[in-house]
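Q: I am attaching a structure below and will ask some questions about it afterwards.
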């Protein structure tokens, strides 16, 4: 029996098993087995070449990358071409794009890499079409644009999310606050700082047993599900923000457009008529959480023409110095910072660990 057949068999058994206290242990084991089979299906080939987990070869450029995902013929290539000027073949039939097409978008002084990925088909997580290669590239992106046809956005959204969930990509979610600490003896101990409504001790032990974890302290600091626990144990999940790009609004009414705005994290557009693209790019900038920092030579005005662009979480003065030149930090004495991160309007003297904020101005002084 192939891995795909085993997955289908377990999914069928989960679907037909009644969910109650008596079956919770069994369902926990089934979901654990399912996760391990899915990992086996998408793990990289050890023999080289274009194995199951191998992505398309794409040279990484820019401070961040945005991947376009969607079913065939939803307008990804048209949107890509309009944003970047990169020619990505577009036509009114399926599978026009057969490989990843990279482009560059300059926005607010930052260079972003835009990746037009081949259209996903249902069953991509099981290896159909080029789904695994597409998904391998998607896992490396900082932001996903899920491009959907406005005629059936919710149905296609659910199908695509299922494909991505099946390969460990979690959209618009944060990692569950669960700690699994293995120990030498004492069995599996479960503690929680919040009420658990979706998982009990028996299920936790069933999952641990399936992963051959006999002794561990499992601490829940959030109301979690069995899938959340499995994600933590697997340890290979990718959490990526996603904007749902609802394309072809030129074909619907104003009333229908109002309904589309009720979908969380969505931006309705028309790539053909180039409608609402400004809102899309601003939403993209917001979700990428980039930090622009401007340089200011000593006794000279700031240079606003070319910001140093950093990522939130990696925007200390040390990160800023390294982005300019790797040797600057070795000669660093002090930095003068002006802007939102400074305590005083006239600037603040700071060290390498000071965290910078968007549109700060920095002067570096050497020893």
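Q: Can you find a residue in region 134-151 that is in contact (Cβ under 8 Å) with a residue 40 or more places away in the chain, assigned by TED's automatic domain parsing to the domain that holds residue 31, touching a strand residue (DSSP E or B) at 6+ places or on another chain (Cβ under 6 Å) and farther than 17 Å from residue 71 by Cβ?
A: no
Q: What's the number of the condition residue 230 fails, among (1) closer than 23 Å to residue 39 by Cβ; (2) exposed (fewer than 13 other Cβ atoms within 10 Å of the Cβ)?
A: Among (1) closer than 23 Å to residue 39 by Cβ; (2) exposed (fewer than 13 other Cβ atoms within 10 Å of the Cβ), the lone unmet condition for residue 230 is (2).
Q: Could you list all residues from region 346-367 that are within 19 Å of residue 299 (Cβ to Cβ) and outside any strand (DSSP E or B)?
A: Once the filter is applied, which keeps residues that are within 19 Å of residue 299 (Cβ to Cβ) and outside any strand (DSSP E or B), region 346-367 yields 346, 347, 367.
Q: Right, something else. Failed condition for residue 161, given (1) outside the structural domain of residue 134 (by TED's automatic domain parsing); (2) out of contact with any helix residue (DSSP H, G or I) (no Cβ under 9 Å at 6 or more places or on another chain); (3) surrounded by 15 or more Cβ atoms within 10 Å (Cβ to Cβ), with all others met?
A: Going through (1) outside the structural domain of residue 134 (by TED's automatic domain parsing); (2) out of contact with any helix residue (DSSP H, G or I) (no Cβ under 9 Å at 6 or more places or on another chain); (3) surrounded by 15 or more Cβ atoms within 10 Å (Cβ to Cβ) one by one, residue 161 breaks only (1).
Q: Between a first residue in region 356-367 that is surrounded by fewer than 20 Cβ atoms within 10 Å (Cβ to Cβ) and a second residue that is part of a strand (DSSP E or B), which pairs have beta carbons less than 6 Å apart while being 6 or more apart in sequence or on different chains?
A: Here the result reads 358/291; 358/292; 359/292; 363/336; 365/333; 365/334; 366/333; 367/333, each pair linking region 356-367 to a residue that is part of a strand (DSSP E or B).
Q: Which of (1) in contact (Cβ under 8 Å) with a residue 40 or more places away in the chain; (2) within 27 Å of residue 20 (Cα to Cα) does residue 167 not meet, given it meets every other one?
A: (2)
Q: Can you work out which of the residues in region 113-137 that are within 15 Å of the chain's Cα centre (by Cα) and modelled with pLDDT of 85 or more is farthest from residue 72 (Cα to Cα)?
A: Selected residue: 113.
Q: Shifting gears a bit: State all residues of region 31-57 that are over 16 Å from residue 165 (Cβ atoms) and modelled with pLDDT of 90 or more; if no residue qualifies, say none.
A: Listed by number, the list holds a single entry, 33.
Q: Could you list, in sequence order, all residues of region 248-304 that are assigned to a loop (DSSP other than H, G, I, E, B), closer than 28 Å to residue 173 by Cβ and in contact with a helix residue (DSSP H, G or I) (Cβ under 9 Å, 6 or more places away or on another chain)?
A: Answer for region 248-304, where residues must be assigned to a loop (DSSP other than H, G, I, E, B), closer than 28 Å to residue 173 by Cβ and in contact with a helix residue (DSSP H, G or I) (Cβ under 9 Å, 6 or more places away or on another chain): 263, 265, 269, 271, 276.
Q: Something else: Could you grab me the full set of residues in region 306-335 that are touching a residue at least 60 places away in the same chain (Cβ under 8 Å) and in contact with a strand residue (DSSP E or B) (Cβ under 7 Å, 6 or more places away or on another chain)?
A: Those that are touching a residue at least 60 places away in the same chain (Cβ under 8 Å) and in contact with a strand residue (DSSP E or B) (Cβ under 7 Å, 6 or more places away or on another chain): 307, 309, 310, 311.
Q: Taking the residues in region 306-328 that are within 11 Å of residue 357 (Cα to Cα) and either in a loop (DSSP other than H, G, I, E, B) or not assigned by TED's automatic domain parsing to the domain that holds residue 359 (or both) as candidates, determine which candidate is modelled with the highest pLDDT.
A: Among residues in region 306-328 that are within 11 Å of residue 357 (Cα to Cα) and either in a loop (DSSP other than H, G, I, E, B) or not assigned by TED's automatic domain parsing to the domain that holds residue 359 (or both), the one modelled with the highest pLDDT is 315.
Q: Take the residues of region 183-226 that are in contact with a helix residue (DSSP H, G or I) (Cβ under 7 Å, 6 or more places away or on another chain) and either in a loop (DSSP other than H, G, I, E, B) or not assigned by TED's automatic domain parsing to the domain that holds residue 24 (or both): which is farthest from residue 23 (Cα to Cα)?
A: 211
Q: Shifting gears a bit: Restricting the search to region 302-315, which residues are more than 14 Å from residue 347 (Cα to Cα) and surrounded by fewer than 18 Cβ atoms within 10 Å (Cβ to Cβ)?
A: Scanning region 302-315 gives 303, 304, 305, 306, 311, 312, 313, 314.
Q: Something else: Out of all the residues in region 138-154, which are modelled with pLDDT of 95 or more and out of contact with any helix residue (DSSP H, G or I) (no Cβ under 7 Å at 6 or more places or on another chain)?
A: 145
The values are calculated or read from the model by the stated rules, or taken from the named source; none is laboratory data. Model, not experiment: these values are computed from the prediction. Counting neighbours? That spans all protein chains shown, and the Cβs are built from the backbone with ideal geometry, glycine included.
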